[in-house]
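In what follows, a structure is listed as C-alpha cells, so that the remarks can point back to it.
Readers should treat all values here as calculations from the given coordinates under stated rules, not as data from a laboratory. Note that the coordinates shown come from a computational prediction; the quantities given were computed from them, not determined experimentally. Reconstructed Cβ throughout: ideal geometry from the backbone, glycine too, with neighbour counts over all protein chains shown.
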Amino acid sequence: MFYFDNFYGKKVLKSSLLDGIDCFFTTREFVLTYSSREDLKTESEENREFLLNKLNTDNLITAKQVHSTDIEIVKNGINFYDNTDALISNIQNTVLLMNFADCIPIILYSKKDKTGAIVHAGWRGTAGEIARKTVIKMNEELNINPENIIAVIGPGIGKCCFETDYDVFEKLVKNKSDKKIYEQKENKFFTDLKLLNAKQLSECGIKNIDICSYCTCCMSDIFFSYRKENGYTARHSAVLKI
Ligand SMILES: [Zn+2]
C-alpha cells in the first residue's frame, strides 16, 4: 500500500512493504534533480544536501540514465555510473538515487541480505526487460533469492496516458491476448507499463510486489511528467538507503 508521508517536512510517497527502510519517492515539493528546469537548480542542490544530512551519510550513488538495459553493481569508491539504468548495492550506508518523469521507478530490496536496487524502466527498458535482468543479476552475482526480494513499483505514467502507435506497442506486448495489459482505441494503443514490469518480477519468483496506481501524467501537480509538460520538466526521484 502506498501512502504520502513527510521526510523531515518534505512530501514523499512510500510503500508499506518497505516500512522501516529509508526508501521513498520524492514529489515536486522535494526536487533533487532539476534536468531542464534550470530555475530549480539551487533548490535541487540544497535538497540533496538536506537529504544526505538527514540520512546521515555522504555516500550518494547516481547514474546517467539512458533508457538502456545496462545494470551496475555498485563498487566501493565509485559514486557515478555512466549510461546505466539500474543500480544494485550491498554496500552499507550508501544512498541510491535515480530520477523519473513518467518512466517507471522500481525499488527492489532484500531485508535478509541488506541489498537493494533501483531500476529505471521507461518503455524501452520495459521492452528490454531491465527489471527481470536486474533480479537475475542480483541472484547470479550476489546470490540473492528472489523470494526474499520485496518489489515496489512506484509512480509512473499509467495506461490512461501512455498512448503510442503500433510500433512501440509491438515491442512492448508479446502476448496480445492479455487484455489487462493494454487497450486499443482506433489505431492508438494504451499500455500498462507497471503491469508489464510486475509480470517480469513475479515470473522471476518475487512474491511481494506493491504497485502504485498513481499516474504521473494525471497527477502532474504532485509529480513531474515529461509528457504533460512537453519535456520542460525536472525529475522526481526514487531514494533507497542501503
Ligand atoms: Zn494518466
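Key figures
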quantity	calculated
Relative contact order (%) - segment 2-241, alpha-carbon pairs under 8 angstrom, separation at least six	25
Listed residues PHE30, ASN230, ALA151: farthest to the positive end of the dipole of the chain (Cβ charges)	ALA151
Computed E for LYS11/ASP39 - FRET, C-beta separation, R0 25 angstrom, nearest 0.05	0.80
Selection from LEU60, GLY116, ILE71 lying farthest towards where the dipole of the chain points positive, charges on Cβ	GLY116
Neighbour-count order for GLU72, GLU229, GLU147, fewest beta carbons within 10 angstrom listed first	GLU147, GLU229, GLU72
Part-to-part distance (alpha-carbon centres) for segment 135-197 and segment 46-99, which is given in Å	24
Formal net charge of residues neighbouring THR26 (Cβ-Cβ distance under 13 Å; K, R +1; D, E -1)	+3
Ranking of TYR8, TYR81 by count of other Cβ atoms within 10 Å, fewest first	TYR8, TYR81
Extended-chain gain in nm, criterion 0.36 nm per residue less alpha-carbon gap, LYS75 and LYS174	32.1 nm
Residue-averaged 222 nm ellipticity for the chain, from DSSP H runs of 4+ at -39500 (n - 2.57), nearest 500	-6000 deg cm²/dmol
Local electrostatic count at ALA234 - Lys and Arg +1, Asp and Glu -1, tallied over other residues with Cβ under 10 Å	0
For segment 93-140, projected area of the alpha-carbon convex hull averaged over all directions, nm²	3.7
Net charge dipole size for the chain [Lys, Arg +1 and Asp, Glu -1 on Cβ; Debye, nearest 20]	460
Segment 1-144 - Rg and Dmax from Cα coordinates, angstrom	14.8, 44
Segment 2-241: antiparallel DSSP beta bridges as a percent of all, rounded to 5	75
Mean separation of Cα contacts under 8 Å (6+ apart) over length of segment 22-112, as relative contact order %	22
